[in-house]
Amino acid sequence: MIPDLLNFINENGLKIMLDLKGWEYLSNSALIINELAVVKPDFYPERHILARGKKGYIYASGTTRINYAGNEFSSVGDLLMECGESAIKQFKEWVFLEEKEWVLTNGNDWLASFTTLDKLPKRTTYRC
């Protein structure tokens, strides 16, 4: 697994990216695998909060379906349990049929969503 700056990044890099867009990284909120922070929301449980703003936050939401090694999985956890932790090394071979998203909310309303770090919106765009 290598840092691709979309799905996997150094934890300090994630913090910097969030800071640049006006979000506060919540300490230890990112899953760390092989010394890299996982940005792909499919690795997180439903409603896991990654960052917050003055009036809102970013959380994981949705459904995951992955095709890997001829099998379909409904979560990253199921895939890793069946195929072993080494399957993470073949992440580029995982075919996401359905993906979770990071959701931006002001605490009450859905404002926007994104799946990779390059699509992270500025906090001020949504007044969060």
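Couple of notes before you dig in:
- Selection status of Ile2, touching a residue at least 12 places away in the same chain (Cβ under 8 Å) and under 29 Å from Val95 (Cα atoms): no
- The residue of the range 55-90 that is surrounded by the most Cβ atoms within 10 Å (Cβ to Cβ), among those that are under 29 Å from Trp23 (Cβ atoms) and among the aromatic types (Phe, Trp, Tyr), is Tyr59.
- Residue selected from the range 86-128 under the condition of a type outside the set (A, V, I, L, M, F, W, C) and assigned to a strand (DSSP E or B), by the criterion farthest from the chain's Cα centre (by Cα): Thr105
- Qualifying position, being hydrophobic (A, V, I, L, M, F, W, C), part of a loop (DSSP other than H, G, I, E, B) and modelled with pLDDT of 95 or more, among Ala37, Ala30: Ala30
- Listed by first and then second residue, the pairs with beta-carbon distance under 7 Å, at least 6 apart or on different chains, first residue in the range 82-100 and over 13 Å from Asn67 (Cβ atoms), second small (Gly, Ala, Ser), are Lys100/Ala60; Lys100/Ser61; Lys100/Gly62.
- Of all residues in the range 5-17, those being surrounded by 14 or more Cβ atoms within 10 Å (Cβ to Cβ) and either within 13 Å of the chain's Cα centre (by Cα) or more than 17 Å from Lys119 (Cα to Cα) (or both) number 7.
The values are calculated or read from the model by the stated rules, or taken from the named source; none is laboratory data. Quick caveat: nothing in here was measured; it's all calculated off a predicted structure. Methodologically, a virtual Cβ is constructed for each residue, glycine included, from the backbone with ideal geometry; neighbour enumeration extends over all protein chains shown.
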